[in-house]
Amino acid sequence: MNLPRRGAKFCTPKCGTYFRRQANKPPALPAAMMELRRWVRRAPDKRPLTVTGRAASSTNPRTWSSFDEAQASTAGAGLGFVLRGDGIGVIDLDHAIVDGVILPWAAEVLAANPGTFTEVSQSGEGLHVWGLLAPTKGRVIRDGRNIEIYSTGRYVALGTALPGTSMELLPLNIAQLT
């Protein structure tokens with residue numbers, strides 16, 4: 001990077017302004033998730049943290065915060081959402097993206113769950129398919145696919161919205177996965 005001024009952090013003042021505006025934008029998330037008091041921060045090693053930086057729990061609501069509180073916190077390195085078993089769940093597809101391309105098995109899961117909010121995991125190699133899901137025991141499927149299904153007692157570190165995804169949470173179709 002060619003920085004014209006000694007000590008400059010950005011190539012031009014315009015670049016700095018753009019960066020600060022992007023950094024202060026709230027992430028694209030469904031309103032149904034943002035309005036719940038189920039937010040934690042994420043430690044660099046992916047453990048959940050309170051907004052003050054202490055250990056949080058995926059089963060203790062006293063350690064959770066509102067979205068605004070979690071977004072404003074500087075603890076840790078990102079946001080996490082807690083699954084409480086009250087209707088919101090996630091299909092977590094690990095190692096589903098290679099060289100920027102969604103693998104066929106993962107594309108099938110997406111096709112079976114159209115129109116619901118989906119994000120790319122922080123690693124850039126996974127997908128989180130969020131939606132409505134009755135309380136169910138967590139499931140792990142390792143049959144050439146890397147699928148985990150959760151709706152209670154877990155927290156998920158947030159990634160970034162998949163381009164073109166819906167901001168709605170629709171019923172998740174997990175029947176074809178097992």
Considering the range 36-47 alone, what residues qualify as being surrounded by 13 or more Cβ atoms within 10 Å (Cβ to Cβ) and either under 13 Å from residue 77 (Cβ atoms) or at pLDDT below 95 (or both)?
40, 41, 42, 43, 46, 47
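Out of the strands (runs of 3 or more DSSP E) lying entirely within the range 77-120, which hold 1 or more residues that are surrounded by fewer than 17 Cβ atoms within 10 Å (Cβ to Cβ)? Even if it seems obvious, please write down each step before you answer.
Numbers: elements: 79-84, 87-93, 118-120.
Qualifying strands (runs of 3 or more DSSP E): 87-93.
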Inter-residue pairs, beta-carbon under 8 Å, first farther than 10 Å from residue 75 by Cα and in the range 48-61, second loosely packed, with under 15 Cβ neighbours inside 10 Å and charged (D, E, K, R), 6+ apart:
61/37
Only unsatisfied item for residue 68, checking (1) closer than 30 Å to residue 53 by Cβ; (2) touching a residue at least 12 places away in the same chain (Cβ under 8 Å); (3) outside any loop (DSSP other than H, G, I, E, B); (4) out of contact with any strand residue (DSSP E or B) (no Cβ under 6 Å at 6 or more places or on another chain), is (2)
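Taking the range 128-157 on its own, how many of its residues are in a strand (DSSP E or B), farther than 9 Å from residue 94 by Cβ and in contact (Cβ under 8 Å) with a residue 12 or more places away in the chain?
At the first step, the residues of the range 128-157 found to be in a strand (DSSP E or B) are 128-133, 139-142, 146-150, 152-157.
Remaining after also requiring farther than 9 Å from residue 94 by Cβ: 128-133, 139-142, 149-150, 152-157.
Of the ones still in play, those that are also in contact (Cβ under 8 Å) with a residue 12 or more places away in the chain are 128-133, 139, 141, 149-150, 152-157.
Qualifying residue count for the region: 16.
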Note on the range 116-161: residues small (Gly, Ala, Ser) and either closer than 13 Å to residue 83 by Cα or out of contact with any Leu (no Cβ under 7 Å at 6 or more places or on another chain) (or both) are 123, 124, 131, 134, 138, 144, 151, 153, 157, 159, 161
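The values are calculated or read from the model by the stated rules, or taken from the named source; none is laboratory data. Just so it is clear, the structure is predicted and the values come from calculations on it, not from any experiment. Backbone-built Cβ (ideal geometry, glycine too); neighbour counts: all protein chains shown.
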